[in-house]
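The values are calculated or read from the model by the stated rules, or taken from the named source; none is laboratory data. Keep in mind it's a predicted model, so treat the numbers as computed, not measured. Here the Cβ is made from the backbone with ideal geometry for all residues, glycine too, and neighbour counts use every protein chain on show.
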Amino acid sequence: MNQQYPKVSIITVNFNGTEVTRALLHSLEKLTWPNWEVIVVDNGSRTPCNILAQEFSWIKYVETGANLGFAGGNNKGIEVAEGDYLLLLNNDTEVAPDFLAPLVTRMQQDERIGVVCPKLLYFDQPDVIQFAGFSPINPVTGRGFTIGYLEQDKGQYNTAKETSRAHGAAMMFSRRAFKKVGMMAELFFLYYEEMDYCERFKRAGYTIWYEPASVVWHKESISTGKGSVLKTYYYSRNRLLYLRRNTSGLKKLLMYLYYYAVAVPKNMLQFVSKREWDHMNVFWKGFVWNFSHGTKDVHDQ
């Protein structure tokens with residue numbers, strides 16, 4: 001490892017989003033950190049984005065041949081990454097030129113830090129916060145809240161601190177920690193996989209940090225669309241899957257009671273009241289998926 005400037009592998013997954021990926025690559029060209037690589041994974045797009053490998057000859061380009069989901073696509077990038085630190089970065093983001101240095105510096109200050117993530121602002125409202133850390137997830141209700149969400153950024157969250165989990169749009173972890181934790185769980189396919197990954201880092205003895213000196217601008221929900229039935233399905237399916245994988249004992253029993261008696265009826269009634277029959281249908285399908293599928297993933301260690 002280059003002790004002064006360790007190598008950072010930036011991994012981004014493209015799915016039918018060549019234009020936003022191109023915009024991200026243009027912003028990455030301006031990075032001030034001297035030692036980095038970018039890996040673009042095309043995750044089974046209808047029209048592969050291999051043109052980007054010609055436009056940006058400095059990237060590593062990987063084609064999966066099929067849509068492997070968020071975790072599967074990132075895992076393919078991790079397989080070819082050479083960095084001392086690995087940064088999973090959504091293709092629907094753009095970055096500040098100096099955003100890497102604070103992340104690396106934070107990681108270097110304490111070997112117990114396994115994951116660090118930047119402040120996220122909205123691309124179309126760059127003074128509005130999307131993420132400044134997370135509260136802990138309640139193991140019974142599965143609920144948590146995003147610190148700073150939709151607040152105007154006035155520097156009120158400019159202190160680095162430990163957080164309960166990282167945001168999947170931009171999360172860096174060390175090679176050292178990765179060797180203990182392993183690949184992301186691919187059974188989630190879409191949503192909640194980064195939350196599950198963070199729980200595995202914590203069980204391995206690592207902490208997770210929010211570093212506001214690093215800034216990323218996020219173009220929210222470009223891939224799936226806001227309020228899409230795809231999002232409803234995977235949120236329904238994977239919220240329960242996440243809780244099944246990460247709770248135990250009395251907390252798991254209480255979680256099941258709450259989920260069946262409160263969460264599911266409440267959501268179903270909301271869809272009925274709004275006459276959102278397609279969302280109600282996929283919500284139910286996501287819920288019942290858990291009755292016929294286990295919680296073990298091929299990458300679990």
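Details
- Search result, residues across region 228-251 that are more than 15 Å from Gly294 (Cα to Cα) and part of a helix (DSSP H, G or I): Val229, Leu230, Lys231, Thr232, Tyr233, Tyr234, Tyr235, Ser236, Gly249, Leu250, Lys251
- Qualifying residue in region 209-222 (condition: without any contact (Cβ under 8 Å) to a residue 60 or more places away in the chain and buried (at least 16 other Cβ atoms within 10 Å of the Cβ)): no
- The number of residues in region 256-294 being surrounded by 16 or more Cβ atoms within 10 Å (Cβ to Cβ) and of a type in the set (S, T, N, Q) comes to 2.
- Sole residue being among the hydroxyl-bearing types (Ser, Thr, Tyr) and more than 18 Å from the chain's Cα centre (by Cα), chosen from Thr141, Thr163: Thr141
- Residues that are farther than 23 Å from Arg203 by Cβ and aromatic (Phe, Trp, Tyr), drawn from region 227-257: Tyr233, Tyr234, Tyr235
- Glu151 being touching a residue at least 12 places away in the same chain (Cβ under 8 Å) and in contact with a strand residue (DSSP E or B) (Cβ under 6 Å, 6 or more places away or on another chain): yes
- Helices (runs of 4 or more DSSP H) wholly inside region 1-118 containing at least 1 residues that are more than 22 Å from Thr207 (Cα to Cα) and not β-branched (Val, Ile, Thr): 18-28, 51-55, 69-80
- Selection count, region 173-195, where residues are surrounded by 21 or more Cβ atoms within 10 Å (Cβ to Cβ) and within 10 Å of the chain's Cα centre (by Cα): 5
- Among all residues of region 23-43, there is none that is closer than 21 Å to Ser174 by Cα, at pLDDT 95 or above and small (Gly, Ala, Ser).
- Considering residues of region 75-111 that are within 14 Å of the chain's Cα centre (by Cα) and under 29 Å from Asp127 (Cα atoms) only, the residue surrounded by the fewest Cβ atoms within 10 Å (Cβ to Cβ): Asp92
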